[in-house]
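Throughout, read-outs are computed from the coordinates displayed, never taken from laboratory work. What you see is a predicted model, and the numbers here were worked out from it, not measured in a lab. Cβ placement follows ideal geometry from the backbone for every residue including glycine, while neighbour counts extend to all protein chains displayed.
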Amino acid sequence: MTTVESVRVLSDEVDARAAETEAARSVPDDLIRKLGAEGVFKLFVPASLGGAQADPLTACAVIEEVSRADGSTGWTSMILNTTFFSSWLDPAVAGGMLATDPVLGMAGLFAPIGRAEPAGEGFVKLSGRFPFNSGSPHATWFCQGAFVPGSNGEPEWRFLFLPASDVEILDTWYVAGLRGTASNDVTVDGAVVPLERTASPPFEEAPHDEPHFRWSFYALLGALMSGFPLGVARRALDEFVPLASAKSRRGPGTLATEQVTQLSVARCEASLRAARAFMFDALGSAWDTALAGDRLSQDQRMAIRLALANAMRVALEVVDTTFALAGGGALYDSSPLQRCWRDLHAGGNHIVFSNNFVAQGGKALLGEPVEEWML
């Protein structure tokens, strides 16, 4: 059973090897195997398919804990949970895929930028170049998006699942933040994919009765992704507090004795705790609804969306504040504060934290029409 406590045992090692992860631009393979053995990459995969079937609050807290230890490892762990997308496939098909590796992680980009063409009855041929495949060297399977010709001739946005052997990883990940995520581009050149290995999670119902699948696709994704900013911001504050008590900027006093530092830390701590409470309140309410056998209301899905956006907004404020207060020493690669700053600003560029996604919650609050699948 995957728990925060079982994952916390690995936190010291994740932290101690953060520099190694950055230098290699990828989480070390043996560390990936340890995290995978704890079920970290199968948090929402049903137990019937060999997954952890963790509740969303636990999933958020697990990613938060790994991200607190190291942002790149936390982000990689979160993205390798692409495994749960396979839950929308026929269980026999998904089970066959997931059985190929007991600690399986799955990478990919589900935005429909690939080219899919018919390739005989029941098959399509996929080609394209797909960026941002975090955890690419560790993925046993990939999930890429494309418009696939539907039964009525109209194109349908679908996720296509391919074994790693059908994908070429390009060494493209030379970046400022999240350096250790190996979020490389990959190319696919005419890979033949059976239609039974395609799904459309934003629009279709998963063939499982677990309460997770009474949630929307984006609500589940929000539960996973929220752990990243909460964990990285927590690490930034935990690093800054002892530093402030030891560092002197002028005179005999330390940073901790300056009122500007005291006010800033108080506000950061309060804001981060409030953001975490909002996130867990939204997740807890929605989980209770699902356990009762009901689907989430629009208000509940909206709350998850707003809590996710708020978690990133507050986390950015925390890392910006602590990084600035820490002074020039925070610029060095040896400082976890600069890594927190870089990683969080990099993660904040993900589309789920974009204004377009956040605005969907505002539209719902204002009574404007919102496409249901977007929440």
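Inclusion of VAL62 among residues that are of a type outside the set (Ser, Thr, Tyr), under 21 Å from MET279 (Cβ atoms), more than 12 Å from the chain's Cα centre (by Cα) and part of a helix (DSSP H, G or I) is not warranted. The lone criterion from (1) closer than 13 Å to SER271 by Cα; (2) free of Cβ contacts under 8 Å to residues at least 40 places away in the same chain left unmet by TYR332 is number (1).
Quick check: is even one residue across segment 287-303 among the hydroxyl-bearing types (Ser, Thr, Tyr) and assigned to a loop (DSSP other than H, G, I, E, B)? Yes, there is a match, as at least one residue in segment 287-303 is among the hydroxyl-bearing types (Ser, Thr, Tyr) and assigned to a loop (DSSP other than H, G, I, E, B).
Out of the residues in segment 73-89 meeting the condition of being part of a helix (DSSP H, G or I) and more than 11 Å from the chain's Cα centre (by Cα), tell me which one is surrounded by the fewest Cβ atoms within 10 Å (Cβ to Cβ). It would help to see each step written out before you state the result.
In the first step, residues of segment 73-89 are kept if they are part of a helix (DSSP H, G or I); the result is 73-79, 82-88.
With more than 11 Å from the chain's Cα centre (by Cα) added as a condition, the list becomes 83-88.
Working: THR83: 27, PHE84: 28, PHE85: 24, SER86: 27, SER87: 24, TRP88: 22.
Out of the qualifying residues, it is TRP88.
Assess whether LYS34 counts as being of a type in the set (Lys, Arg) and more than 15 Å from the chain's Cα centre (by Cα).
On the way: of a type in the set (Lys, Arg): yes; more than 15 Å from the chain's Cα centre (by Cα): yes.
In short, yes.
Residues of segment 102-115 that are buried (at least 17 other Cβ atoms within 10 Å of the Cβ) and more than 21 Å from the chain's Cα centre (by Cα): GLY114 alone. The set of residues in segment 40-58 that are closer than 22 Å to ALA346 by Cβ and in a helix (DSSP H, G or I) is empty. Here SER127 passes the criteria (1) assigned to a helix (DSSP H, G or I); (2) surrounded by fewer than 16 Cβ atoms within 10 Å (Cβ to Cβ) except the one numbered (1). The criterion of at least 3 residues that are crowded, with 24+ Cβ neighbours inside 10 Å is met by the following strands (runs of 3 or more DSSP E) wholly inside segment 138-243: 141-149, 155-163. Which one is nearest to LEU104 (Cα to Cα) among residues in segment 150-164 that are charged (D, E, K, R) and in contact (Cβ under 8 Å) with a residue 24 or more places away in the chain? So the residue we want is ARG158.
Here's a check for you: in segment 90-101, which residue that is part of a loop (DSSP other than H, G, I, E, B) and over 17 Å from SER136 (Cα atoms) is farthest from the chain's Cα centre (by Cα)? By that ranking, first place goes to ASP90.
Scanning segment 250-286 for residues that are crowded, with 21+ Cβ neighbours inside 10 Å and either polar (S, T, N, Q) or within 27 Å of the chain's Cα centre (by Cα) (or both) returns THR261, CYS268, LEU272, ALA275, ARG276, MET279, ALA282, LEU283, ALA286.
Among the residues of segment 1-39, what is the count of those that are outside any loop (DSSP other than H, G, I, E, B) and either more than 14 Å from PRO137 (Cβ to Cβ) or in contact (Cβ under 8 Å) with a residue 24 or more places away in the chain (or both)?
Initial filter on segment 1-39 (outside any loop (DSSP other than H, G, I, E, B)): 4-8, 11-16, 18-24, 26, 29-37.
Narrowing further to those that are either more than 14 Å from PRO137 (Cβ to Cβ) or in contact (Cβ under 8 Å) with a residue 24 or more places away in the chain (or both): 4-8, 11-16, 18-24, 26, 29, 31-37.
The qualifying residues number 27.
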